[in-house]
Amino acid sequence: MSLSLSSKAPCLQNHQPLRNSNPRTSFCFHFINQLQVSLPPYRFHVPCAKSSSFIKYGRERLDPIAASPAAAQAAEIAPAPFRSKNPKDINILVVGSTGYIGKFVVNELVKRGFNVIAVARERSGIRGKKSKEETLNEFKGANVCFSDVTSMDVFANSVENLGNPIDVVVSCLASRSGGVKDSWRIDYEATKNSLMVGRNYGASHFVLLSAICVQKPLLEFQRAKLKLEAELMEEAAKDVGFTYSIVRPTAFFKSLGGQVDLVKEGKPYVMFGDGKLCACKPISEPDLASFIADCVLSEDKINQVLPIGGPGKALTPLEQGEMLFRLLRKEPKFFKVPIEVMDFAIGVLDFLVKIFPSMEDAAEFGKIGRYYAAESMLLLDPETGEYTADKTPSYGKDTLEEFFERVIREGMAGQELGEQTIF
Ligand SMILES: NC(=O)c1ccc[n+]([C@@H]2O[C@H](COP(=O)([O-])OP(=O)(O)OC[C@H]3O[C@@H](n4cnc5c(N)ncnc54)[C@H](OP(=O)(O)O)[C@@H]3O)[C@@H](O)[C@H]2O)c1
């Protein structure tokens, strides 16, 4: 049976407007599109959060903490009491539970026997398509807490109403729009709310889904994620009883499947430059969810930044295209777009944004498209400054080839890109 818990205050008024429905931004979207062409209810066996002395972080702790990534290295790691408990007695709060990765994480944690509390909006999913009932059905075996992570008060109230302390917070939150302000609001502020509320209610470990691309931060969402990463490290440095695992995955399958249907219809595979500008080791949702679930108890993942890719060798867009044509038994046909086209588009958007500040998201989306067209999703070797496939760790068993075969057979259902149709 699933338990549905609502915060007292309604909290679903904050859906972002669909940015790509704005005609001023549509150029960018179209441009990029062309190219991509039940567990039992709560167990009250531990002290109630309201009265417990574990509430050691007051409001004054909510101010941003100065970031210092190196600080974590100096910290000693204290054994967290939750690690010796039976999984069913470990309470894990999952925020961003309704996302592409988050929903697999919830179900993987449930499968491993943890007591999972999935935090969700009453209307969730891309463009709020999913109802409360659908979310409850999807998360059978987990407890669902409907709340608003963007409001500290509402969220704290919801967690207080659970009446149970939290052991671990897992965050799969991400801006759905990818816009500048929304990235800071979700990838930083809402995730920080989850850290602070989790800490107030006893959490001693935080697992963050980040991204490998933050190694070279040129985009706002990357800067927002990095700030949060740094604050996690700072928190661990201040309190040896608190630990984190920062997961930085390479590309997701959904980001690479956008051309399958087009190629199937006989269109060419579109790529930038010679198709070798970038490479990645794509990872499936179940494999990544399993890696994230490992981070709850694995001691070798404590206070670690963990870049992670899928199995097999790194693949360039050219190799991905060749694979697709081979699977479709078609003669390879490529359309090569000079990367300078993107640079020109970004230049135009950057100019326009000076006149029309409201176009900042359109300009940002152009930069995101350019970034993914040319930057590898691989470990950036600090010694050489080069991306290295060999040093990018692999995990899991699902391959891109199997994914392409499935999409050829069944289409992209469940693999829809976000609101901005870029990632
Ligand atoms: N795409 C890639 O190839 C790739 C590669 C590496 C890393 N990553 C990183 O992986 C992370 C997760 O990606 P994903 O694709 O799983 O994300 P996603 O599907 O867009 O899910 C985002 C989650 O955050 C929640 N959220 C967004 N805005 C919210 C708001 N205003 N209030 C409350 N909740 C909100 C969503 O809730 P709703 O369902 O209610 O909207 C959803 O649960 C991102 O940080 C991304 O940068 C992506």
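Note that region 265-279 has calculated 3J(HN,Hα) couplings of 7, x, 6, x, 7, 9, 8, 8, x, 8, x, 10, 5, 8, 8 Hz, one per residue in order, obtained from phi through the Karplus relation 6.51 cos²θ - 1.76 cosθ + 1.60 (θ = phi - 60°); glycine and proline are x. Distances between placed amide hydrogens fall under 5 Å for Cys145 paired with Leu5, Ala118, Val119, Ala120, all partners being 5 or more residues away or on another chain.
Pairs from the list Lys130/Lys238; Lys111/Lys330; Lys301/Lys397; Lys103/Lys367 with a Cα-Cα gap above 31 Å: Lys130/Lys238; Lys111/Lys330. Each of Lys267, Lys129 was scored by other Cβ atoms within 10 Å of its Cβ. Listed from fewest to most, they are Lys129, Lys267.
Using θ = phi - 60° in the Karplus curve 6.51 cos²θ - 1.76 cosθ + 1.60, the 3J(HN,Hα) couplings for region 134-143 round to 5, 5, 4, 5, 5, 9, 4, x, 10, 8 Hz; x is entered for Gly and Pro.
For Phe335, the amide hydrogen comes within under 5 Å of the amide hydrogens of Tyr269, Val270, Met271, counting only partners 5 or more places away or on other chains and with H modelled in the peptide plane.
Listed by chain and number, the aspartates and glutamates whose C-alpha is less than 16 Å from the C-alpha of Lys254, apart from same-chain residues fewer than 8 away, are Glu285, Asp287, Asp398, Glu401, Glu402, Glu405, Glu410, Glu416, Glu419.
Classify region 296-356: rounded, prolate or oblate, from the alpha-carbon gyration tensor (a ≥ b ≥ c, eigenvalue square roots; a/c under 1.5 rounded; otherwise prolate if a/b is larger than b/c)? Kindly include the intermediate steps, with their values, before the conclusion.
Values: a/c = 4.21, a/b = 1.17, b/c = 3.61.
Taking the square roots of the gyration eigenvalues as a ≥ b ≥ c, region 296-356 is oblate.
Each reported figure results from applying straightforward, stated rules to the coordinates on display, with no laboratory input. All of these numbers come straight from a predicted model, not from anything done at the bench. In this analysis, Cβ positions are derived from the backbone assuming ideal geometry, glycine residues included, and neighbour counts consider all displayed protein chains.
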